[in-house]
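Rule-based calculations on the coordinates, nothing more; no lab input. None of the values given here were measured: they were computed from a predicted structure. All Cβ positions, glycine included, derive from the backbone under ideal geometry; neighbour counts span all protein chains shown.
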Amino acid sequence: MFVCVALLALAVVPVINLSMLNGQKNEGREWWSESVLYNFDFALALLSRFSYPHGISTNPSQVFIGKEDWLYLGEPYNKTVAQGRHGTTAKDAQIAGVIGSATESWSQWLNQKGVSMFRVMLGPDKGTIYPEFLPDWAQPAAHSATDMLLANVSQGLYVDTRMALRAAKSQFPESLYYKTDTHWNSLGAWVAFSAFETEIARAEEGLRRLTEQPIRRFMVNERQGGDLAKFLRLKETLRDTEVVIRIISDRPIETEQYDFDTGSLKRSGGNPQIHTARRPLLVKSKHALNEKRVLWLRDSFGTAMSPFMAATFTETLQLHYDEAHPELFARLVETFKPDYVFITVVERAARRKRFGTPPPPMVASREPEVIAPPDKGFLSQISYRE
């Protein structure tokens, strides 16, 4: 019986895959390859369609299903669930102390390089802002590792956006995060950016704020499922809400995106969202509020925020912090000469090893410093990228 079923599957599965292919191209794979003919993704998608309404994840290590069909990131990503449930430990206190010391050292190092402001913006995990939709077994402890971290960093260097986001939940009918994705949406990014902007304006007299301008309005559209839905093979099946924020002004923001190393123009026009850059990307913004240069190390939580950053500062040099090894980080500071250095990091990644490594030593010469190898310096390699 088993042999008959196996033979039937071997005969039927290729037919199903070829019919689903329907002339579409598979990059790097020919239609006759085994990986195409005997791909069982369609079966997993069907299984997910059946199990999802019952709260059962077909990929529980990557994503779990909360209340009212909210999806949350699984345990392998920085052990987010376990750390949230169990609260703080002695190890958390040790990590927080190391990061606090290193952050202060980096602030001083950048100040000596002519950078007038260095700030780290925390993008809260989805479960931090919407714990009410977590399963009962995943409810977070009262005191978190993030609380411990913030208690150990110099006042003002970190901008905690959690309070602003929690307060905004009752102010808008739309959610601030996607139900089927790990990220905040444009509305959540706007709330966080407003809180960030308010904080940095206190330290920088004369800084013009985007929140002071009557230039925003909200629209709500439907979109397909996000990255968490993709883990369940339900990206095209599940629907989510896209909250669109358009910056309205007599002088619309027009951006130009350049490869910083080559100077070549990559894109121009409008003020679009910009995905995380793996090479230094310079964004020039015509009609931005402040004629300032910003070196912005960020992860994917900066994508929805990028139009607001472009509307506020005339030049933002963007790079994913995974790529900003010590040699490159120092070179960008030396060559770009930013007024400000900002880091936007999602909460679950904020306690990684890279943020606890001190800066390179200062030298008397104006020549670029000799920097330690990438695996020993700020922003060392990790296994998971946002």
What's the local net charge at Lys292, with K and R +1, D and E -1, over the other residues with C-beta under 11 Å away?
-2
Estimated dipole of region 271-340 in Debye, rounded to 20 [Cβ of Lys and Arg +1, of Asp and Glu -1, Cα centre]
220 debye
How large is the translational diffusion coefficient of region 193-329 in µm² per second when you combine the Kirkwood radius over alpha carbon pairs with Stokes-Einstein at 20 °C and 1.002 mPa s?
130 µm²/s
Tell me, how many Å apart are the Cα centres for region 314-366 and for region 244-313?
18 Å
Quick one: Glu323, Glu242, fewest Cβ neighbours within 10 Å first, how do they rank?
Glu242, Glu323
Placing one identical point scatterer on every Cα of region 213-272 and ignoring solvent, what is log10 I(q)/I(0) from the Debye formula at q = 0.26, 0.27, 0.29 Å⁻¹?
-0.94, -0.98, -1.07
Under 5 Å, built H, 5+ apart or other chain: amide partners of Ile253
none
Difference of contour (0.36 nm per residue) and Cα-Cα distance, Leu157 to Thr211
17.3 nm
So who's got an amide H within less than 5 Å of the one on Gly123, skipping anything under 5 residues away but keeping other chains? H placed 1.01 Å off N, in plane.
Val345, Val346, Glu347
The answer for the net charge of residues other than Lys266 whose Cβ lies under 13 angstrom from its Cβ, with Lys and Arg +1 and Asp and Glu -1, is +1
With each label point set 7 Å from Cα along the Cα-Cβ vector, what nm distance links Arg239 and Arg267?
2.7 nm
Can you pull the semi-axes for region 120-208, root of five times each eigenvalue of the Cα gyration tensor, sorted largest first, whole Å?
24, 18, 9
Listed pairs Lys126/Lys292; Lys67/Lys126; Lys67/Lys179; Lys266/Lys292; Lys126/Lys284; Lys113/Lys266 exceeding 20 Å between Cα atoms:
Lys126/Lys292; Lys266/Lys292; Lys126/Lys284; Lys113/Lys266
Return the sequence-ordered ³J(HN,Hα) values of region 315-331 in whole Hz as given by the Karplus equation 6.51 cos²θ - 1.76 cosθ + 1.60 applied to θ = phi - 60°, using x for Gly and Pro.
9, 10, 9, 10, 7, 5, 5, 4, 8, 8, 5, x, 4, 5, 4, 5, 5
